[in-house]
1. Suppose every Lys and Arg Cβ carries +1 and every Asp and Glu Cβ carries -1, with no other charges. What dipole size does segment 9-338 come out with about its Cα centre, to the nearest 20 debye?
2. Have a look at LEU253, LEU313, LEU104 and tell me which one the Gaussian network model of the chain (Cα, springs below 10 Å) gives the largest fluctuation.
3. Can you work out the base-10 log of I(q)/I(0) for segment 213-258 at q = 0.18 1/Å, using the Debye formula on its C-alpha atoms alone?
4. Which of the GluC sites (Glu not before Pro) found in segment 51-141 are in a DSSP loop and have at most 11 neighbouring Cβ atoms, other than their own, within 10 Å?
5. Test of understanding: express the Cα radius of gyration of segment 9-338 as a ratio to 2.2 N^0.38 Å, with N the residue count.
6. Please give the Cα centre distance for segment 90-119 versus segment 236-261, rounded to the nearest Å.
7. Could you list, bin by bin from short to long, the percent of Cα-Cα pairs of segment 24-123 in 5 Å steps?
8. So what's the back-of-envelope 222 nm ellipticity for the chain, counting only DSSP H runs of four-plus at -39500 (n - 2.57) apiece and dividing by all residues, rounded to 500?
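Any read-out appearing in this document is the output of simple, stated calculations on the displayed coordinates, not a laboratory observation. All values reported here derive from a predicted model rather than from experimental measurement. Here the Cβ positions follow ideal geometry from the backbone for every residue, glycine too, while neighbour counts run over all protein chains shown.
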Amino acid sequence: MLKPILASADLRAMPKVELHCHLELALRQNTLREFAQKNDIDVSTDAAFAQAFLIQEPMGELKSVLHKFLNTRDVILKEEWMERVAFEACEDMYLQSNVRILELRYAPSFLLDHHKHMDAYRLQKAIISGVERAEEKYPIAVGLICILQRTKSVEENEIWVDFALKPQHQFVALDLADNEVDFDPEPFIPLFKKAKDAGLGITVHAGEPNVPGISRNIRTAIEKMGADRIGHGLQAIEDPEVIALLIDRGIPLELCPTSNWLTGACSSIATHPFKALFEAGVKTTVNTDDPGIMCTNLLNEYALLTTECGIDLATLEACNAWALEASFIPTTKKESAWNQRLRP
Ligand SMILES: [Zn+2]
């Protein structure tokens, strides 16, 4: 169900870094279909499956896209299923796109919201187990990011910060996600300060939707929340001062071209500000966001940038180098996977 990939051999061979991928939306489509069937959802035809779960055309606004995410979340019935989801997400990244450094993020509160029977500790254990199985099988280094939801209270989110800080949970960073138009980041500043002081990396979804003035959230993330990276941030293009801030601090943007188009953040891939931001001097990186339900993979994103935006191979290599440097995975672990990159 993936779009045809017109990727050159050079693009395929390039070892890649993926920094922004939501684990619970990166389900392999066959697995998602199997889970749907176990929930007695009719996915007997491709059309029925696509209608229920996939986002293949722009849906108008981010809020409707977020709503569609719920359908996928709802069919994940058991913690143990996430072991398979995590393993397959890593496997697909390596086999389809030659990803060697991979950061996967998820919001425990998002899964537990619908599945009251689930236990966050068992969930995390299952995910770690799937990731470790993939790391044993493939030359790939994987890090996990814990997401806080803007739509939740500060009190509830503090529980998840403490959860993320437990060493046995192996998180490398904290993120803030969800509807940034109706929920400001300011209330969560103390939580991000706590996480940063305790040594977690910080990335924040900010400046994503095409809403005038939204780039203010990028400034808040950098100046008040200690963001080391920005999730999306493509609306920085609206404000030269925000662009200057990103350049001055050397903060990379985790751009996700297909997702940005499907959520309406930009009107097409061809009009994505990726190239303009790169040429302005911003550290742009290439990512998938929600590869399972948005029918893409990292190689496809690279190919789209070359064909739709005229981005050349040298630019993509520069983006990859920034992504490698900006990954929150410990340096020795990163280097070990990266240095195996010539292994077939
Ligand atoms: Zn995201």
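1. Numbers: 32 positive and 50 negative charges, 114 e Å.
So the dipole magnitude of segment 9-338 works out to roughly 540 debye.
2. LEU313
3. Computed log10 I(q)/I(0) values: -0.44.
4. Numbers: sites: GLU61, GLU79, GLU80, GLU83, GLU88, GLU91, GLU103, GLU132, GLU135, GLU136; in loops: GLU61, GLU79, GLU80.
Qualifying residues, ordered by number: none.
5. Details: Rg = 18.2 Å, N = 330, 2.2 N^0.38 = 19.9 Å.
My calculation over the Cα atoms of segment 9-338 gives 0.92.
6. Measuring centre to centre over Cα atoms gives 25 Å.
7. 2, 11, 21, 21, 22, 16, 6, 0
8. -14000 deg cm²/dmol
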